[in-house]
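Student: What follows is a single structure, and I will ask about it in a moment.
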Amino acid sequence: MKKFLAILLTACAVGLAGGAYAADDKPAAPAAAAQTAAPAVAEAPAAAAAAPAEAAAAPAPTVNKGDTAWMLVATAMVTLMTIPGLALFYGGLVRTKNMLSVLMQVFITFSLLGVLWVVYGYSIAFTEGNAFFGSLDKLFLKGVTVDSVAATFSKGVAIPELVYVIFQLTFAAITPALILGAFAERIKFSAVLLFMVLWFTFSYLPMAHMVWYWAGPDGYISAEAAEKLGATAGFVFQKGALDFAGGTVVHINAAMAGIVGAFMIGKRVGYGKESMAPHSLTMTMIGASMLWFGWFGFNAGSNLEANGLTALVMLNTMIAAGAATVAWTFAEWLIKGKPSMLGAASGAVAGLVAITPACGFVGPLGAIAIGLLAGVICLWGVNGLKKMLGADDSLDVFGVHGVGGILGAILTGVFVSPSLGGTGVYDYVANKVGDFDMMTQVTSQAWGVGMAVVWSGVVSFICYKLVDIFIGLRVPEDEEREGLDVTSHGESAYHS
């Protein structure tokens, strides 16, 4: 029954979210999030609804070289945070005999899914289809040329579509790689490959479409036009959930796949009896630092432009990570008697995770609050909650990315409030910040969290089952004891 615990818990979560939503007889305003919500689209208020239907359409969007240059740099930064950043962070946390296997799993996952993104991923995630899936109109990037443009979050401003494609590729490739930490040191390499293809196709792509797909701001010229365009957006977008850079699509989505996998694959041989301490906290610290650096591209790049809001996102990302590092370190010092390097690195990642959905919507006060809470609550997630669940989540994917992602997503609905220094929710029809209702927005955030939890939980369970049926999930015990570096790859990370 433990194998089904995560999914049962998630069903309760989405049920609560749905109940809260039903209790509120007006839906939350849909968030503007062509890929990562910037200032959000609000449902047209009465004044905006009275705008003349014949309002002039926005001029043809223009491409700014500065925006384009920044997005290319941001894309390279996100690549760095995966290879080698995430690979070194995870690799340092496993035992010496499995270091190389983790590096290889991250490296091949990033490479394989980057290719699949171009083949069909971009089309399914970012073309108009239904509320859950896009179309196949852009298979192999059909119709995407050097002259194609993609909308940003400002009317009349665009970036080259190829830049948008490659930026989103890095998101699609790093998200599945996060899952690897949950079942490190015991999974077959072939199982990793097959699972990643299945999960990418049926969990990541639909979630990206549900949360981030919309028609862009230029068509929001009247209440009627906004209503029609809103109906073509993704399911979670239509519910009004704000997710600037991937709290639901990336972190909760990956964390659910991780915890389900930890249950289904089972505990490592010797878990709880033998020492499984990280073999190189030096590598982990280097990896965490690369993650922190690359996260600026991840979050600030998600604004799609180089402007004042981009600077706010970068500031929020910096101080949330710093606050979480301090909070985790001092809480651990108080509880365990000594502050650890592992705790500091984990705190930084927890803060980065939690600020991700909120980074373009909150002010510095909100960022610090989210970081401080993330440091303490994620510390509980990798200790108290982990013991309660009883799963061998090897590198605490759920405790950091799941708990931090859920916390950040919900708190986005609180600290987006203008009264707390947030940006508010932008109304593209009236071209101003709209009226804000915190309970309505928090309810919308719960929709996003619940959908990510349930969708990923169910899809992940099915994908693991299929992989287990066809090729098996786990290496034999003797291979696990010897280490995956030698038994799976015929190499060793280190030689004396």
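The values are calculated or read from the model by the stated rules, or taken from the named source; none is laboratory data. None of the values given here were measured: they were computed from a predicted structure. Here the Cβ positions follow ideal geometry from the backbone for every residue, glycine too, while neighbour counts run over all protein chains shown.
Student: crowded, with 24+ Cβ neighbours inside 10 Å and of a type in the set (A, V, I, L, M): is that true of V94 in this structure?
Tutor: Spelling it out, V94 is indeed crowded, with 24+ Cβ neighbours inside 10 Å and of a type in the set (A, V, I, L, M).
Student: Go through G366, G399, G384 for me and flag whichever is under 12 Å from I259 (Cβ atoms) and not in a loop (DSSP other than H, G, I, E, B).
Tutor: Result of the check over G366, G399, G384: G399.
Student: While we're here: Any residue that is more than 21 Å from the chain's Cα centre (by Cα) and without any contact (Cβ under 8 Å) to a residue 60 or more places away in the chain - is there at least one of those in region 178-194?
Tutor: No: zero hits.
Student: Continuing with this model, one more query. Got a sec? Which helices (runs of 4 or more DSSP H) wholly within region 163-276 have at least 3 residues that are among the β-branched types (V, I, T) and surrounded by 21 or more Cβ atoms within 10 Å (Cβ to Cβ)?
Tutor: Of the helices (runs of 4 or more DSSP H) lying wholly inside region 163-276, those with at least 3 residues that are among the β-branched types (V, I, T) and surrounded by 21 or more Cβ atoms within 10 Å (Cβ to Cβ) span 253-265.
Student: A further question follows. Looking for whichever is in a helix (DSSP H, G or I), crowded, with 19+ Cβ neighbours inside 10 Å and either in contact with a strand residue (DSSP E or B) (Cβ under 7 Å, 6 or more places away or on another chain) or touching a residue at least 12 places away in the same chain (Cβ under 8 Å) (or both) here; the options are A354, A306. Which one fits?
Tutor: A354
Student: Go through region 327-346 residue by residue and tally those that are assigned to a helix (DSSP H, G or I), in contact with a helix residue (DSSP H, G or I) (Cβ under 7 Å, 6 or more places away or on another chain) and free of Cβ contacts under 8 Å to residues at least 60 places away in the same chain.
Tutor: Qualifying residue count for the region: 8.
Student: Turning to a different aspect of this structure: So in region 419-472, with the set limited to residues that are buried (at least 19 other Cβ atoms within 10 Å of the Cβ) and either of a type in the set (D, E, K, R) or touching a strand residue (DSSP E or B) at 6+ places or on another chain (Cβ under 6 Å) (or both), which one is modelled with the lowest pLDDT?
Tutor: Once the filter is applied, the top-ranked residue is G434.
Residue-wise test of (1) outside any helix (DSSP H, G or I); (2) free of Cβ contacts under 8 Å to residues at least 12 places away in the same chain; (3) closer than 20 Å to L281 by Cβ; (4) of a type outside the set (F, W, Y).
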site: G66; (1), (2), (3), (4): no, no, no, yes
site: V78; (1), (2), (3), (4): no, no, no, yes
site: F89; (1), (2), (3), (4): no, no, yes, no
site: Y122; (1), (2), (3), (4): no, no, no, no
site: E128; (1), (2), (3), (4): yes, no, no, yes
site: F132; (1), (2), (3), (4): yes, no, no, no
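Student: May I ask you to list the residues in region 408-418 that are surrounded by 23 or more Cβ atoms within 10 Å (Cβ to Cβ), within 14 Å of G448 (Cα to Cα) and not small (G, A, S)?
Tutor: The answer is L411, T412.
Student: Return the residues of region 111-134 that are polar (S, T, N, Q) and surrounded by 14 or more Cβ atoms within 10 Å (Cβ to Cβ); say none if nothing qualifies.
Tutor: Of everything in region 111-134, those that are polar (S, T, N, Q) and surrounded by 14 or more Cβ atoms within 10 Å (Cβ to Cβ) turn out to be S123, T127.
Student: Oh, and also: Of the residues G422, G405, G371, which is small (G, A, S), in contact (Cβ under 8 Å) with a residue 40 or more places away in the chain and not in a helix (DSSP H, G or I)?
Tutor: Going through G422, G405, G371 in turn, the sole match is G422.
Student: Also, quick follow-up: Of the residues that make up region 281-301, is at least one of a type outside the set (F, W, Y) and part of a loop (DSSP other than H, G, I, E, B)?
Tutor: No, region 281-301 contains no residue that is of a type outside the set (F, W, Y) and part of a loop (DSSP other than H, G, I, E, B).
Student: Would you confirm, using the coordinates I've provided, whether F153 is assigned to a loop (DSSP other than H, G, I, E, B) and either of a type outside the set (D, E) or surrounded by 17 or more Cβ atoms within 10 Å (Cβ to Cβ) (or both)?
Tutor: yes
Student: So which of E305, E274 is out of contact with any Leu (no Cβ under 6 Å at 6 or more places or on another chain) and more than 30 Å from S492 (Cα to Cα)?
Tutor: Result: E305 is the single residue among E305, E274 that is out of contact with any Leu (no Cβ under 6 Å at 6 or more places or on another chain) and more than 30 Å from S492 (Cα to Cα).
Student: Moving to a separate point now. Hey, does region 325-337 have a residue that's surrounded by fewer than 24 Cβ atoms within 10 Å (Cβ to Cβ), of a type in the set (D, E, K, R), touching a strand residue (DSSP E or B) at 6+ places or on another chain (Cβ under 9 Å) and modelled with pLDDT of 95 or more?
Tutor: No, region 325-337 contains no residue that is surrounded by fewer than 24 Cβ atoms within 10 Å (Cβ to Cβ), of a type in the set (D, E, K, R), touching a strand residue (DSSP E or B) at 6+ places or on another chain (Cβ under 9 Å) and modelled with pLDDT of 95 or more.
Student: Criterion first (buried (at least 22 other Cβ atoms within 10 Å of the Cβ), more than 30 Å from S154 (Cβ to Cβ) and within 23 Å of the chain's Cα centre (by Cα)) does A300 satisfy it?
Tutor: Considered against the rule, which asks whether it is buried (at least 22 other Cβ atoms within 10 Å of the Cβ), more than 30 Å from S154 (Cβ to Cβ) and within 23 Å of the chain's Cα centre (by Cα), A300 comes out as no.
Student: In this structure, does A391 turn out to be part of a loop (DSSP other than H, G, I, E, B), at pLDDT 95 or above and surrounded by 22 or more Cβ atoms within 10 Å (Cβ to Cβ)?
Tutor: When the stated conditions are applied, A391 passes them.
Student: Does S135 count as touching an Asp or Glu at 6+ places or on another chain (Cβ under 8 Å), modelled with pLDDT of 95 or more and of a type in the set (S, T, N, Q)?
Tutor: yes
Student: Output the residue which, of all residues in region 425-441 that are under 19 Å from G366 (Cα atoms), in contact (Cβ under 8 Å) with a residue 60 or more places away in the chain and not in a loop (DSSP other than H, G, I, E, B), is farthest from the chain's Cα centre (by Cα).
Tutor: Result: V433.
Student: Could I ask something else about it? Exactly one of these conditions fails for M285: (1) in contact with a Ser or Thr (Cβ under 6 Å, 6 or more places away or on another chain); (2) surrounded by fewer than 21 Cβ atoms within 10 Å (Cβ to Cβ). Give me its number.
Tutor: (1)
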